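Okay, structure first, notes after.
The values are calculated or read from the model by the stated rules, or taken from the named source; none is laboratory data. As the structure is a computational prediction, the values presented were derived from the model and not from experiment. Here Cβ is always computed from backbone atoms with ideal geometry, including for glycine, and neighbour counts include all displayed protein chains. Calculation scope for accessible area: heavy atoms of the full protein, side chains included, ligands and nucleic acids excluded. Shrake-Rupley method; radii C 1.70, N 1.55, O 1.52, S 1.80 Å.
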Amino acid sequence: FPSHDIHKQVAHHFSQKALKLRDMKFVAVDGIKAIMRVLDSLPWSQQEKHIEEIANYDLELAKKIRERFVEMFNDIPKMAEELVARSIATVEPKVVAISLIGASDKVVDRLLRSKPDREQQLIRSEIVLNASAELDDIKAARMTIVNKIRENKFKE
């Protein structure tokens, strides 16, 4: 089997196994970590498809998985600078700004460092303008950035 087929089979196996469990709200964090490892091994385009498949049966589990993706946002300072810069190059400044509301100084510095000076100023002013953004909007913006990073990571 080519590696891609094996990854697809493993992902399908885990998603089917997860769907068979009756009450996914009690899945251990290690179980979610295992699912995340499987998702990480898949091409980015297939990851969301599998999360949607899980969401069709268990919204709570899909929410937990998506929250783990968002947790990756705090790991941005540990990521390769070129990966971060390439990933957010096409993200709208307003989305970057909203994602940075309440973020750590290290995350703010890393993301802004990836942008030209003028765009950094624009993003800083957008942060102030959008300071009262809803938590769901902040999470969505962070998810956008994490998804871009995950997408670009697979292109490496």
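Tell me which residues, restricted to the range 7-32, are part of a helix (DSSP H, G or I), at pLDDT below 70 and either touching a Phe, Trp or Tyr at 6+ places or on another chain (Cβ under 6 Å) or open to solvent by 80 Å² or more (accessible area, probe 1.4 Å) (or both). 17, 19, 20, 25, 26, 29, 30, listed by residue number.
Screening the range 67-156 for helices (runs of 4 or more DSSP H) wholly inside it with 2 or more residues that are closer than 30 Å to residue 38 by Cβ and of a type outside the set (A, V, I, L, M) returns the ranges 81-88, 105-113, 135-153. In the range 53-64, of all residues being outside any loop (DSSP other than H, G, I, E, B), open to solvent by less than 90 Å² (accessible area, probe 1.4 Å) and of a type in the set (D, E, K, R), the one that is modelled with the lowest pLDDT corresponds to 64.
Scanning the range 96-155 for residues that are touching a residue at least 40 places away in the same chain (Cβ under 8 Å), among the charged types (D, E, K, R) and open to solvent by 20 Å² or more (accessible area, probe 1.4 Å) turns up 139, 142, 148, 151, 153. Residues of the range 65-92 that are over 12 Å from the mean Cα position of the chain (by Cα) and open to solvent by 30 Å² or more (accessible area, probe 1.4 Å): 77, 78, 79, 80, 81, 82, 85, 86, 89, 90, 92. Answer with yes or no whether residue 35 is more than 30 Å from residue 117 (Cα to Cα), at pLDDT 75 or above, assigned to a helix (DSSP H, G or I) and β-branched (Val, Ile, Thr). Criteria met by residue 35.
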